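The next block holds one structure in the form of structure tokens; read it before the comments.
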Amino acid sequence: MKYIDEFREPELISRTSEEIRRLADPARHYRMMEVCGGHTHAIYRFGLKDLLPSNIELVHGPGCPVCVLPMGRIDDGLSMAAHPDVIFTAFGDMMRVPGTQGSPLEHKARGADIRIVYSPADALKLARNNPSKHVMFFAIGFETTAPSTALTLMRAKAEGIRNFSVFCNHVTIIPAIRAILDSPDMRIDAFIGPGHVSTVIGCRPYEWIARHENKPIVVSGFEPLDVLQSVAMLLRQLQHGEAKVENQYRRVVPWDGNKAALKAMAQVFTLRSYFEWRGMGFISQSALALNEDFADWDAERRFEIPGIRVTDPKAAQCGEVLKGVLKPAQCKLFGNECTPERPVGALMVSSEGSCAAYYQYEHRKHALVSIPA
Amino acid sequence: MCLAIPGKIVELSASDPHRALVDVVGVRRGVDISLVEPDGIAPGDWVLIHVGFAMSKIREDEAQDQLRMLTALGEAEAAMQEAQGYSSDDADPQPEERPSP
């Protein structure tokens, strides 16, 4: 509770929390999935579970881009770093994600030219300033990040920068939600929709969830009050037997998304017929590749890539956690073999991964409580 | 990964219509504004920045909320590091010596 005080309208937070208790039918158990890893992080950080009645269960979804990338793609990306003329660039989040021969950081320690960039535009700048090298950008992310990669590629093409390529691992959120709804072991009553993805795609792409799957979805902001209001909005819909798309995060998310961003994506990318997600298997039309117009900047066409599927370590249950079937602490490796310091799976690497978030805020709390005085 | 960092437009770039100098908690960095241009962008406006690109125009009080949020999530430092990591418009990006967030 103490963190809540730092936020705007703490009184409104307790009122919303009370309203949620009134709205929730004590005879029912509600499972609500927050799709986005940013929400997962916020929910643990602010202890929002403590503000909800025990029959509302928040299930963590697949919206952490680092977490859903299968190990084989990391190996594929790192295979390019083995070329002596290649500068491998990626966001900092990628650096500690394990591949079969170690993480990018470990490859760097062994001599590969691997650099953190904070923007794809900076990877392009590196190419511009190092004409004798080839700069490969390892692109990851949902629709939040994909437009930035698209604009960077358009610029590379316009400027005729040929020593630059993108290893495209951009994924799309809608097919992942569909896969979760189709999964026989999942039972979700309602969705807390992603915030920043929706600034790009808007709210319309979620309409089928309401119309055809009969599940309410509320696009939500990240503050404690935002998440609580979204839960209350979902409960109201469930109570009235409704299923519609609502936008709680109107101050940032326009209903129709960002047209300039969608246009840039359409100009550069094409949908892959299928793509492998960690723990969820192959999902059709769930990822982006560069289209023919940008073939010259496509790392997958410019380099020979092993393309080998790598299965996750057997004991790790990343897939079940990613789908929300298991809670992080129910995985056999959690907290002993797999920790943020020595992660076995990617969910333990990123602060948006549910294992890392659970470890940081819940696990330590329990560990402290269990030590006898 | 999905950090959205608030920043205030200081000036539009004279040489590149798609870039602007943005103040991110005291650090001035070049940011791409292509995605918010249709909203009309002028010095003094606040934007949410993701990986060096302004994603949406927001109000100043919302920008302050977002900063408090990043601080509470323990991500203010990562956000600052990200903002400082954006290369300034004349220099070669050299952020690779920083520790991974």
Residue by residue through segment A:88-102, note down the ones that are at pLDDT below 95 and more than 8 Å from every other protein chain (Cβ to nearest Cβ). A:94, A:97, A:98, A:99, A:100, A:101, A:102
Search result, residues across segment A:115-141 that are under 25 Å from residue A:38 (Cβ atoms), among the hydrophobic types (A, V, I, L, M, F, W, C) and at the interface with chain B (Cβ under 9 Å from one of its Cβ atoms): A:116, A:117, A:121, A:123, A:140
Is it true that some residue in segment A:131-147 is at positive phi and surrounded by fewer than 21 Cβ atoms within 10 Å (Cβ to Cβ)? no
For segment B:11-40, which positions are more than 12 Å from chain A (Cβ to nearest Cβ), closer than 19 Å to residue A:154 by Cβ and surrounded by fewer than 23 Cβ atoms within 10 Å (Cβ to Cβ)? B:13, B:15, B:17
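Looking at residue A:205, is it more than 17 Å from the chain's Cα centre (by Cα) and not in a loop (DSSP other than H, G, I, E, B)?
Values: more than 17 Å from the chain's Cα centre (by Cα): yes; not in a loop (DSSP other than H, G, I, E, B): yes.
Answer is yes for this residue.
For (1) without any contact (Cβ under 8 Å) to a residue 24 or more places away in the chain; (2) more than 21 Å from residue A:42 (Cβ to Cβ), each residue gets a yes or a no:
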position: B:37; (1), (2): yes, yes
position: B:40; (1), (2): yes, yes
position: B:47; (1), (2): no, yes
position: B:50; (1), (2): no, no
position: B:57; (1), (2): yes, yes
position: B:65; (1), (2): yes, no
position: B:69; (1), (2): yes, no
position: B:73; (1), (2): yes, no
Qualifying residue in segment A:158-165 (condition: under 25 Å from the mean Cα position of the chain (by Cα) and outside the structural domain of residue A:348 (by TED's automatic domain parsing)): yes
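Taking the condition part of a strand (DSSP E or B) and small (Gly, Ala, Ser), does residue A:289 pass? Full working, then the answer.
On the way: part of a strand (DSSP E or B): yes; small (Gly, Ala, Ser): yes.
In short, yes.
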With respect to residue A:97, is the statement that it is out of contact with any helix residue (DSSP H, G or I) (no Cβ under 8 Å at 6 or more places or on another chain), closer than 20 Å to residue A:176 by Cβ and not in a helix (DSSP H, G or I) true? no
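Residues of segment A:248-258 being more than 7 Å from chain B (Cβ to nearest Cβ) and surrounded by fewer than 21 Cβ atoms within 10 Å (Cβ to Cβ), which ones?
Filtering segment A:248-258 down to residues more than 7 Å from chain B (Cβ to nearest Cβ) leaves A:248-250, A:253-257.
A:250, A:254, A:255, A:256, A:257 - these are the residues of segment A:248-258 that are more than 7 Å from chain B (Cβ to nearest Cβ) and surrounded by fewer than 21 Cβ atoms within 10 Å (Cβ to Cβ).
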Just to be sure, is residue A:241 in a loop (DSSP other than H, G, I, E, B) and either at pLDDT 95 or above or in contact with a Ser or Thr (Cβ under 8 Å, 6 or more places away or on another chain) (or both)? yes
Residue A:279 passes all but one of (1) touching a Gly at 6+ places or on another chain (Cβ under 6 Å); (2) surrounded by fewer than 21 Cβ atoms within 10 Å (Cβ to Cβ); which number fails? (2)
Looking at residue A:112, is it within 13 Å of chain B (Cβ to nearest Cβ) and more than 28 Å from residue A:286 (Cβ to Cβ)? yes
State whether one or more residues within segment A:235-252 are in contact with a strand residue (DSSP E or B) (Cβ under 9 Å, 6 or more places away or on another chain), among the aromatic types (Phe, Trp, Tyr), more than 28 Å from residue A:18 (Cβ to Cβ) and in the same structural domain as residue A:44 (by TED's automatic domain parsing). no
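The values are calculated or read from the model by the stated rules, or taken from the named source; none is laboratory data. Quantities reported herein were computed from a predicted structural model and do not represent experimental measurements. In this analysis, Cβ positions are derived from the backbone assuming ideal geometry, glycine residues included, and neighbour counts consider all displayed protein chains.
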